[in-house]
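The values are calculated or read from the model by the stated rules, or taken from the named source; none is laboratory data. The structure displayed is predicted, hence computed values, not measured ones. Cβ placement follows ideal geometry from the backbone for every residue including glycine, while neighbour counts extend to all protein chains displayed. Side chains included, ligands, DNA and RNA excluded: accessible areas come from the protein's heavy atoms. Shrake-Rupley method; radii C 1.70, N 1.55, O 1.52, S 1.80 Å.
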Amino acid sequence: MFRVGILTVSDKGARGEREDTTHLALREALKEGPFEVVAYEVVPDEPPQIKKVLRLWADRERLDLILTNGGTGLSPRDQTPEATREVLDREAPGLAELMRLRGLQKTPLAALSRGLAGVRGRTLILNLPGSPKGARESLEAVLPVLPHALSLLTGRPWKEGHHE
């Protein structure tokens, strides 16, 4: 099983003014795969707080996959990609491109997403949209390749004792 953290980036969610339902949609999408959600947090749209959690989960907790949701649009408060870029060792643009491509098949608004994908140490970090529907569709776009990507990244097999 790959260990997953879900980080919701939302000013209203962090203040308790909005219930976070996006993490539930992500948990539902992950439940059929080799994934176990072991960490969850809601932070405001503040880059220092976003970076702190990403570093903690990647460096100390050594999570295999971190899914952020929220803060990927064009609003001045949307800073998740910028905060993520500062903690990445390298980007994985193909994953972000695949998520946007799949989103464009459903709505032209997907072109407004600025989410990144990349690696810190042995942790894959994906920025997903904040809406439950958009986040789930973005995750489902890359779900078929995630076990293989995480196996390569972590060096751990994911199926029947070997790398697939």
Problem set entry | Count of residues meeting criterion [touching a residue at least 60 places away in the same chain (Cβ under 8 Å) and buried (at least 16 other Cβ atoms within 10 Å of the Cβ)] in the stretch 59-78 | 9
For this session: Check every one of the helices (runs of 4 or more DSSP H) wholly within the stretch 84-164 and list those with 1 or more residues that are surrounded by fewer than 17 Cβ atoms within 10 Å (Cβ to Cβ), more than 16 Å from the chain's Cα centre (by Cα) and touching a residue at least 40 places away in the same chain (Cβ under 8 Å).
Result: 93-104
For this session: Among what's in the stretch 18-62 and is touching a helix residue (DSSP H, G or I) at 6+ places or on another chain (Cβ under 8 Å) and charged (D, E, K, R), pick the residue that is nearest to residue 120 (Cα to Cα).
Result: 55
For this session: Give 19, 46 a once-over and let me know the one that is free of Cβ contacts under 8 Å to residues at least 24 places away in the same chain and more than 27 Å from residue 154 (Cα to Cα).
Result: 19
For this session: Read through the list (1) surrounded by fewer than 22 Cβ atoms within 10 Å (Cβ to Cβ); (2) part of a strand (DSSP E or B), then give the number of the only condition that residue 56 fails.
Result: (2)
For this session: Search the stretch 134-164 for residues being modelled with pLDDT under 95 and among the charged types (D, E, K, R), and hand back the single one that is nearest to residue 6 (Cα to Cα).
Result: 156
Exercise. Can you name the residue in the stretch 21-52 that is of a type in the set (A, V, I, L, M, F, W, C) and open to solvent by 30 Å² or more (accessible area, probe 1.4 Å) and is also farthest from residue 3 (Cα to Cα) among such residues?
Worked result: 42
Exercise. Mind checking which residues of the stretch 87-119 are over 29 Å from residue 19 (Cβ atoms) and among the charged types (D, E, K, R)?
Worked result: 89, 90, 91, 97
